[in-house]
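Since the structure comes first, as structure tokens, the remarks are kept for the end.
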Amino acid sequence: MWRYDPYHYCMKVLLERYIMWLKDKGAQGDVMAESRGGKEDRRLKDSFLRLTTEGTEHIDATAFGRWLSSRQLKVKPKANNIAGLQLADLIAHPSWRAIEAIRNGLPLPSNFGGRIARLVLDHKYRRSPDGQVEGWGIKWLP
């Protein structure tokens, strides 16, 4: 049975990968999300706190404590015009459309989203000596 709100599941997957990236770099980081409204923001903050204090199937709670500078999710409105949130908006939708092409067995488009997806696929996944993606690769919602 599906147990996640898709938005919360995506946050879990992103947090896991972020923790692995921070660990690989030997760095600490923080997390910020764009506000979706009072009730939704509260639910997302609660979900974030639960993930970081209980851990996930792949990342234990101590790793969240070690690599994150805070277990509090920062939530800011779009109107604050925060550079990192603007960059996420710029990249997210075109990238999703390109990855949907892969999911449907189509070639990557030759547009911005396709170029972003190609960069991610070619350069951002850890690879074995024979070129295979190591780890969990792309996650699909059921």
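The values are calculated or read from the model by the stated rules, or taken from the named source; none is laboratory data. Since this is a predicted model, take the numbers as computed values, not measurements. Glycine also receives a Cβ, built like all others from the backbone with ideal geometry; neighbour counts cover every protein chain displayed.
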Inset, instruction - State the number of residues belonging to the stretch 1-30 that are within 21 Å of Ala83 (Cα to Cα) and in contact with a helix residue (DSSP H, G or I) (Cβ under 7 Å, 6 or more places away or on another chain). - result: 5
Inset, instruction - Scan the stretch 23-42 for residues that are assigned to a helix (DSSP H, G or I) and either of a type in the set (Ser, Thr, Tyr) or out of contact with any Lys or Arg (no Cβ under 9 Å at 6 or more places or on another chain) (or both) and report the count. - result: 6
Inset, instruction - Identify all residues within the stretch 66-85 that are loosely packed, with under 13 Cβ neighbours inside 10 Å and assigned to a helix (DSSP H, G or I); write none if there are none. - result: Arg66, Lys78, Ala79, Asn80, Ala83, Gly84
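Every residue, every condition in (1) in a strand (DSSP E or B); (2) under 21 Å from Tyr9 (Cβ atoms); (3) modelled with pLDDT of 70 or more, yes or no:
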| residue | (1), (2), (3) |
| --- | --- |
| Ile102 | no, yes, yes |
| Leu121 | no, no, yes |
| Gly131 | no, no, yes |
| Trp136 | no, yes, no |
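Right, Ser95: of a type in the set (Ser, Thr, Tyr), surrounded by 13 or more Cβ atoms within 10 Å (Cβ to Cβ), modelled with pLDDT of 85 or more and assigned to a helix (DSSP H, G or I) or not?
Taking the combined requirement at face value, the residue does not satisfy it.
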